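The values are calculated or read from the model by the stated rules, or taken from the named source; none is laboratory data. Just so it is clear, the model here is predicted, and its values are computed rather than measured. A quick note on method: Cβ atoms are made from the backbone with ideal geometry, for glycine too, and the neighbour counts reach across all protein chains shown. The protein model used for the area step is the full one, side chains on, heavy atoms only, and it has no ligands, DNA or RNA in it. Shrake-Rupley method; radii C 1.70, N 1.55, O 1.52, S 1.80 Å.
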Amino acid sequence: MPRPHVRRLRTRSAAAPTGILMAAVVLAGVAHPQAYATGDDREKRSADVLQKLVPSPDGPGCAAAVGIRGSVVWEAGRGKADLTTGRAITSKTVFDMASNSKQFTADAVLLLAGRHQLALDDPLSDFLDHPPAWTRDVTLGDLMRHTSGITDYQDLLEAKGIELTDPAGQKEAIAAILASQPEDPPGKRFSYSNSNYVLLAHVVERVTGKPFPTFLQEEFFIPLHLRMTLSPAVDVPGKAKSYDEKDGSFTPNSSPWKQYGDGSVHTTPGEFVRWADNYRTGRIGGTELLTGVTDEAVSVGDVLRQRGIEEGRYGAGILLLPDKSLVHRGDWEGFHSTFKVSPDRNTAVTVACNTDSPDNFRAANQLLDIWTK
């Protein structure tokens, strides 16, 4: 079963949907901000965390960044972005942020709700041409909080004989979802499913008449001067290649699946911690977005205890922990990322890796401790 705070994966990838974004889309924004000197040992301690996370610089690795009130105060990379060419991971290396992308999908819905273009209690059926009967009982809020009871589309596609090595896009995923029956009645319990966020991206497209990646670019990335793009594409400029590891050997990890809404935001850890400041300022989305991560957030039960977290609530594409910090994990192909924001919303950390790194969640916690204590 997938962890409830990650985008579900096995070995699949994503490539750009036709007519949505070209694979070689240019990341929007301004020049990357420079870290400032702190005059203490926090940079060294942070570098030590990264070195322990990536012991060898000769294999795949990770990049990490820390932001304070929207400014990058430390960032670094270690390891190889491409084993064939020897290209190193640096602070400018782009990663697929996988399920950490879900917060943008939820925030897009909250933005439209604030404009009274939709409401969280609207039924899913309102946004479908030929809605199955069960979609009348599933609300947009159910989708956003993973209480819809809908099966993950990966399982549905694989049940139809569509393997991770076969082409499958947004259309195929949505068709498989609508042809299925939910596992549970809506609102009964939290059950993480990527289907929910694929459907929310579709809702945004129906309401706005714009491709979902274009909407994010115009409403979030460009206004906040973020060098980000939503593009389920392999060849995004500056992107690391992802790898699976077995017995000390690394093999490239890719697949022709092409879904979005549940993932596929591409950026650097530094840009992601800059984005985190919106959770403090509400510059984009205002009150509706800031309260969306807490209002009516639902308990995820005991599914986080494997990571030492006793409780958590899921709101708008991100987890709210008992100490009021925000956290999310992302996993897709060989990409793995952890994003965390401090309880006071002043400090944020992102760690992104291009192969499985079980300790990147711990590393994110260590970095946050270094910069907040």
The long-range amide H neighbours of ASP122, using H built 1.01 Å from N in the peptide plane and a cut-off of under 5 Å, are LEU140, GLY141
Partner lysines whose C-alpha sits under 22 Å from that of LYS258, ignoring same-chain residues fewer than 8 away, are LYS102, LYS160, LYS171, LYS210, LYS239, LYS241
In nanometres, the difference between 0.36 nm per residue of separation and the alpha-carbon distance of GLU311 and ASP356 is 13.7 nm
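Roughly how many Å² is the accessible area per residue of the range 93-154, as a whole number, for a 1.4 Å probe?
28
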per DSSP, antiparallel bridges as share of beta bridges in the chain, % nearest 5, sits at 90
About its Cα centre, the chain carries a charge dipole, from +1 on Lys and Arg Cβ atoms and -1 on Asp and Glu Cβ atoms, whose size in debye to the nearest 20 is 780
When the charge dipole of the chain is computed with +1 on Lys and Arg Cβ and -1 on Asp and Glu Cβ about the Cα centre, the Cα farthest towards its positive end, among TRP275, GLY285, THR208, belongs to TRP275
Given backbone amide H placed at 1.01 Å from N, residues whose amide H is under 5 Å from that of TRP332, ignoring those fewer than 5 places away on the same chain, are none
Nearest 10, in degrees from 0 to 90: the angle of helix 194-208 to the longest Cα principal axis of the chain is 70
Note to self: with every protein chain in place and a 1.4 Å probe, the range 263-373 gives an accessible area per residue in Å² of 32
Carbon/sulfur accessible area of the chain, % of total, 1.4 Å probe, equals 50
Across HIS202, HIS336, HIS266, the residue with the highest GNM fluctuation in the chain (Cα network, 10 Å cutoff) is HIS202
With Rg from the Cα atoms and Rh as the Kirkwood inverse mean 1/r over Cα pairs, the range 119-190 has an Rg/Rh of 0.99
With Rg from the Cα atoms and Rh as the Kirkwood inverse mean 1/r over Cα pairs, the chain has an Rg/Rh of 0.94
In terms of the alpha carbon gyration tensor, root eigenvalues a ≥ b ≥ c, rounded if a/c is under 1.5 and otherwise prolate when a/b exceeds b/c or oblate, the range 56-111 is oblate
Under a Gaussian network model of the chain whose springs join Cα atoms within less than 10 Å, the largest fluctuation of ALA297, ALA133, ALA63 belongs to ALA133
Evaluated at 25 °C and 0.890 mPa s, the Stokes-Einstein D of the range 162-304 based on the Kirkwood radius over Cα pairs, in µm²/s, stands at 137
Of all trypsin sites (Lys or Arg not before Pro) in the range 90-153, the ones in DSSP coil with at most 15 other Cβ atoms within 10 Å are LYS92, ARG115
Amide H contacts under 5 Å for SER255, restricted to residues at least 5 apart in sequence or on another chain and with H modeled in the peptide plane, are SER13, ALA14
The correct ranking of GLU163, GLU158, GLU296 by accessible area at 1.4 Å, largest first, is GLU296, GLU163, GLU158
For LYS80, counting only aspartates and glutamates whose alpha-carbon sits under 19 Å away and dropping same-chain residues fewer than eight positions off, the answer is ASP48, ASP58, ASP96, ASP235, ASP244, GLU245, ASP247, ASP331, GLU333, ASP356, ASP359
Highest mean packing first, using Cβ neighbours within 10 angstrom, the peptides 338-345, 81-88 sort as 338-345, 81-88
